[in-house]
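Inspection log for the structure reproduced underneath, given as structure tokens.
The values are calculated or read from the model by the stated rules, or taken from the named source; none is laboratory data. In this text, all values refer to a predicted model and were calculated from it rather than measured experimentally. Positions of Cβ are generated from backbone atoms using ideal geometry, with glycine treated the same way; all protein chains shown enter the neighbour counts. Please note that ligands, DNA and RNA were not included when accessible areas were found on the heavy atoms of the full protein model with its side chains. Shrake-Rupley method; radii C 1.70, N 1.55, O 1.52, S 1.80 Å.
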Amino acid sequence: MKELICIICPRGCHLVVDENLNVSGNNCPRGEIYAKNELTNPTRTLTSTVKIISKKACRLPVKSEKPIAKNLLFNAMDEINKVTTKSPVRIGDIVIKNICNTGINIIACKTILE
Amino acid sequence: MIERSLVVIGGGSAGMEAAIHAYKLGVRDILIIEKNNYLGGILDQCIHNGFGLGEFKEELTGPEFMSRLSEQIEQLKINYRLNSNVLNISKDKIVTYSNKSEGIVEIKAKAIIFTTGCYERSAGSIALPGDRPVGIFTAGQAQLYLNKEGYLVGKRVFILGSGDIGLIMARRMTLEGAKVLGVAELMPYSAGLNRNITQCLKDFNIPLYLSHTVKKVIGKKRLEKVVIAPVDEHFNFIEGHDLVFDVDVLLLSVGLIPNVDLLKNLGITFTKNKGAKVNNLLETEIPGLFTAGNVLHVHDLVDDVVKEAREAALGAARYLKNELKENASQIETLAGNGIGYIVPSIIEIENVIEDVTLKFRVKKPYHDKFIYFSLNDKIIKKMFKPAIIPSEMEVVTLKKDLFINSTGSLKVYVEEK
């Protein structure tokens, strides 16, 4: 038996998972998926910034398109901190392809045109 | 003097959504006044995700959420002024602002929506004991430096206060290579959301010291050490359990204060949570002056802020169309046992369309309790809560039909056995 706090949304449900991966305490189906993943392959969406050459800003906020394995977060940060991008950038533009060979891209969270 | 139907003061999430919604309700002559050089407010530096699940049914970062709103402002061609400081609001709703290109401008507003957000409590406002070296920042300041300027304010960090911004910064600074040695919280429970305790502290093995606070700050020029000690139930230090941390940064995440200064000379009443006293239309004691968002009361989620902004926009639109009954009879809301505060303070049932929305927080965590709503001592609703905590705002809607009287008081309280 393991107790978890669901992090899928700010509601923060208190989840209980038994030995057979049966989940209780969740208020929505996403809680069950979260609890199972958390005990087998925990993942997190990574958000950070990269350097941008622009008139308007010096950092561009970015995120992983999908959650990536928790144990790769620091490796991904190393890659992110090596990148310099240039305006114009639009929301959703790929900033780093296939971060840490996960098949997941790091994308821009803000449009910076100048 | 220039006249405007609606002036929105503050172009953060509440102000943008208030303007957008007022526009959708038929108000056309709108001006947003924003002190910064962009629309979006604090969301611009909140690069973490978790925004928008209520509003857009997807998980967005702060900048993405902000863009959804600012794009609508552009599409609807709603007027705004950036880099503009509001200097005064008068009782007859003349708004004075200044900026570099226009100088000092006065506008006569038919209605105002006041959405200036809040600011962070500082070292001075909590009488932090000890030295005042370089290295003490509010969590939001450190967030601005890191996320917008690219500066990490230190390498060895302690955080006082378990508010969400502090927890978010614990993770953020850890990911950028700083060592976060711990978070101290004066109360016996966290002030932040449960999910942030998990994903910001537990994920990185950052200890949370509940019922602990800073006893002393030590450092000549740069911060050198902080001394943390446990407190008893009266918040007095328990001797002999001091913890000393070698740090170069102390972050403060010790609460937010509604930015109501511009309302101070209007002679209106403020509630004990420091926002203006409002009725169910989110109208202050000055007819036509509405307020919403974190300047009214601090919200946990931007999704709740924009919802509230729509309530204020609806109030303002109805006011502008002369749809509101003047001098409507009033029901006062009372925070009873276990309840910290309630928004709104006044319900004008004659001005309610369908539902009355009440927002409140409990004073301390409760389990398996009923919350009662009693109108002139007659219970009109009760609801069971398996778990209810101060860091999560409760929103309850009550049908208009439940209000059999249109005067008196509505008390909200937690059942104590």
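One residue is enough: does the stretch B:278-287 have a residue meeting the conditions open to solvent by 10 Å² or more (accessible area, probe 1.4 Å), under 27 Å from B:Lys155 (Cβ atoms) and without any contact (Cβ under 8 Å) to a residue 60 or more places away in the chain?
Among the residues of the stretch B:278-287, not one is open to solvent by 10 Å² or more (accessible area, probe 1.4 Å), under 27 Å from B:Lys155 (Cβ atoms) and without any contact (Cβ under 8 Å) to a residue 60 or more places away in the chain, which makes the answer no.
Taking the stretch A:24-49 as the region of interest, how many residues are surrounded by 20 or more Cβ atoms within 10 Å (Cβ to Cβ), more than 8 Å from every other protein chain (Cβ to nearest Cβ) and assigned to a strand (DSSP E or B)?
Qualifying residue count for the region: 0.
Out of B:Asn405, B:Asn337, B:Asn327, report the one residue that is over 28 Å from B:Val302 (Cβ atoms) and within 25 Å of the chain's Cα centre (by Cα).
Just one listed residue meets the conditions, B:Asn337.
Can you pull out the residues in the stretch B:57-75 that are assigned to a helix (DSSP H, G or I) and either open to solvent by 30 Å² or more (accessible area, probe 1.4 Å) or within 10 Å of another protein chain (Cβ to nearest Cβ) (or both)?
B:Gly62, B:Pro63, B:Glu64, B:Phe65, B:Met66, B:Ser67, B:Arg68, B:Ser70, B:Glu71, B:Gln72, B:Glu74, B:Gln75
Would you check which residues across the stretch A:73-84 are of a type outside the set (D, E, K, R) and surrounded by fewer than 19 Cβ atoms within 10 Å (Cβ to Cβ) and list them?
A:Phe74, A:Asn75, A:Met77, A:Asn81, A:Val83, A:Thr84
Let's see how each residue does on (1) touching a residue at least 12 places away in the same chain (Cβ under 8 Å); (2) among the aliphatic types (A, V, I, L, M); (3) under 24 Å from B:Pro365 (Cβ atoms):
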residue: B:Val157; (1), (2), (3): yes, yes, no
residue: B:Thr174; (1), (2), (3): yes, no, no
residue: B:Val183; (1), (2), (3): yes, yes, yes
residue: B:Thr213; (1), (2), (3): yes, no, yes
residue: B:Asp261; (1), (2), (3): no, no, no
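Within the set of pairs 6+ apart or on separate chains, which have a first residue in the stretch A:40-55 that is over 20 Å from A:Leu73 (Cβ atoms), a second that is in a loop (DSSP other than H, G, I, E, B) and open to solvent by 40 Å² or more (accessible area, probe 1.4 Å), and C-beta atoms under 8 Å apart?
A:Ile52/A:Cys58; A:Ser54/A:Glu114; A:Lys55/A:Glu114
Could you count how many residues in the stretch B:29-52 are touching a strand residue (DSSP E or B) at 6+ places or on another chain (Cβ under 7 Å) and assigned to a loop (DSSP other than H, G, I, E, B)?
7
Can you find, within the stretch A:50-67, the residue that is least open to solvent (accessible area, probe 1.4 Å) among those that are more than 9 Å from chain B (Cβ to nearest Cβ) and of a type in the set (Lys, Arg)?
Restricting to residues being more than 9 Å from chain B (Cβ to nearest Cβ) and of a type in the set (Lys, Arg), the top hit is A:Lys66.
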